[in-house]
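What follows is a short report on a single structure.
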Amino acid sequence: MRFIDADPPCLPGPGPFSEEERLDYHSRFVVLSTPTMAKVSLTLRRLMILNRRHNGTARRGLLVSGPPTTGKTTTLQQLGRSFHLAERDRHSGRDEHLPVVFLSVPPAATPKMLVSELARFLDLPLTTTMNQARITDIVCAALHQLGTRLVLVDDVHLLNTRTRNGAETSDQMKHLSERIPATFVYAGVALDSSPLLTGPRGAQLAGRFKTVRNPPLGHGSTAQRVAWEGLIKGMDEALRLNAHRTGALVRHAPYLHLRTGGRIGSLSALVREAAIAAILDGTEKITKALLEEIDLDELAEEASRPGRRR
């Protein structure tokens, strides 16, 4: 709930702002919509309507798959937040309403670990003597009572269905989706080639879930460059640096794509750290020289090295 009710990053009043206020602002910064985020939102809305009057067990679901740092978790969080706020407005007089549940698959998860994570999210009292079936019953009853309609599950690539624990945990997730009248969305790294979609269990999942792929943003076509520059423009306008000139960051859009490979997570980290560095060193503006000085995550650095040498 703290995430749902958190205010968007902003600076109080008209300014001027202290250095500490601006450092804190850039450490959070803004979340900008991407083409994939819009596609996931539209697809999810259709699926939720499709599932609205569904009486069987095979409700339709959604997989969000892509490489690391392309914004999958952020997409899930923002969609969940938007849906939660919209549902809260629609049911303003209802007490004890929780339209969205968010869960990350624990490493080496077991069925009991998974359902216990849901219980902790719901703040349900558990005892050490409760077995998996009992916890599952309590969780499902609570979600029914709370009117949950959307279940978001992140890091599902951690489920290795070739192992006993992974296979049983996958079965537990299917069991939950059949008992809870909600639409399930799974996100993870390279789900297309993961064990999650292989074998009989994978065939069942693939037969009920559609996939939205979340690749790095391209920069080859005109449409791709326009989308990328639009994203950079949004960040440019959100900067709060005393010597920043509007559009300065947009001029570096091709370079920023080269450095980050179109990965949203890497881009956000680069721009935020550059803004913080500009405040700390007193220059109060982001230049290409400053961007060059900042090391990114190893994935982005490795991908950009051949191009940067050229």
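Taken together, the residues in segment 69-104 that are under 26 Å from residue 196 (Cβ atoms) and either among the basic types (Lys, Arg) or surrounded by fewer than 16 Cβ atoms within 10 Å (Cβ to Cβ) (or both) amount to 2. Counting only helices (runs of 4 or more DSSP H) that fall entirely inside segment 82-201 and contain at least 1 residues that are within 18 Å of the chain's Cα centre (by Cα) and in contact (Cβ under 8 Å) with a residue 12 or more places away in the chain, the qualifying elements are 111-121.
Each row is one residue, and each column tells you yes or no for (1) closer than 19 Å to residue 30 by Cβ; (2) in contact with a strand residue (DSSP E or B) (Cβ under 8 Å, 6 or more places away or on another chain); (3) in a helix (DSSP H, G or I).
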position: 231; (1), (2), (3): yes, no, yes
position: 246; (1), (2), (3): yes, no, no
position: 258; (1), (2), (3): no, no, yes
position: 265; (1), (2), (3): yes, no, yes
position: 272; (1), (2), (3): yes, no, yes
position: 285; (1), (2), (3): yes, no, no
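Right, residue 50: out of contact with any helix residue (DSSP H, G or I) (no Cβ under 9 Å at 6 or more places or on another chain) and closer than 16 Å to residue 151 by Cβ or not? Yes, satisfied.
Scanning segment 122-155 for residues that are among the β-branched types (Val, Ile, Thr), surrounded by 14 or more Cβ atoms within 10 Å (Cβ to Cβ) and more than 30 Å from residue 67 (Cα to Cα) returns 135, 136, 138, 139.
Filtered by the rule that a residue be β-branched (Val, Ile, Thr), buried (at least 21 other Cβ atoms within 10 Å of the Cβ) and modelled with pLDDT of 95 or more, segment 232-262 gives a lone residue, 232.
Just to be sure, is residue 229 modelled with pLDDT of 95 or more, closer than 23 Å to residue 74 by Cα and surrounded by fewer than 21 Cβ atoms within 10 Å (Cβ to Cβ)?
So residue 229 passes the test.
Under the condition of being touching a Gly at 6+ places or on another chain (Cβ under 9 Å) and within 17 Å of residue 143 (Cα to Cα), the residues counted in segment 93-114 number 8. Looking only at residues of segment 178-199 that are of a type in the set (Ser, Thr, Tyr) and at pLDDT 90 or above, we find that the one that is farthest from residue 74 (Cα to Cα) is 183. Regarding segment 63-70, can at least one residue be identified that is touching a Pro at 6+ places or on another chain (Cβ under 6 Å) and either within 25 Å of residue 203 (Cα to Cα) or part of a helix (DSSP H, G or I) (or both)? The answer is yes, given that some residue of segment 63-70 is touching a Pro at 6+ places or on another chain (Cβ under 6 Å) and either within 25 Å of residue 203 (Cα to Cα) or part of a helix (DSSP H, G or I) (or both). Residue 110: of a type in the set (Val, Ile, Thr), loosely packed, with under 14 Cβ neighbours inside 10 Å and over 16 Å from residue 180 (Cα atoms), yes or no? The answer is no for residue 110.
The values are calculated or read from the model by the stated rules, or taken from the named source; none is laboratory data. All values derive from a computational prediction rather than experimental measurement. Note that each Cβ is placed from the backbone with ideal geometry, even for glycine, and that neighbours are counted across all protein chains shown.
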